[in-house]
Amino acid sequence: MMERIEARGRARAEAAAEAAVRRLEAELDEHLPGVRVSRSQGVIRLTGRRLHRRAMTDPALRWIAGWLK
């Protein structure tokens, strides 16, 4: 029984992560062209040219977590 519960939990976590990636991709395409979203091994990554500098100066990048609400 515990295996089924764990499997169900993993499946829900996987679905939530995929949904987050899709939502971020949609928002980034609209607001921040050139920024890409990727997911591997349970980590969601943003990549793009000079992204570290843009994260400090671009308000849209400071509020990414707010897009997932």
Spot the failing condition for R12; the list is (1) basic (K, R); (2) surrounded by 11 or more Cβ atoms within 10 Å (Cβ to Cβ); (3) over 18 Å from A55 (Cβ atoms), and only one is missed. (2)
All-but-one check, R39 against (1) surrounded by 12 or more Cβ atoms within 10 Å (Cβ to Cβ); (2) in a helix (DSSP H, G or I); (3) modelled with pLDDT of 80 or more, failing number (2)
Yes/no for A55 being assigned to a helix (DSSP H, G or I), at pLDDT 85 or above and either touching a helix residue (DSSP H, G or I) at 6+ places or on another chain (Cβ under 9 Å) or of a type outside the set (D, E) (or both): no
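The values are calculated or read from the model by the stated rules, or taken from the named source; none is laboratory data. Keep in mind that this is a model prediction, so the values were computed, not measured. Here the Cβ is made from the backbone with ideal geometry for all residues, glycine too, and neighbour counts use every protein chain on show.
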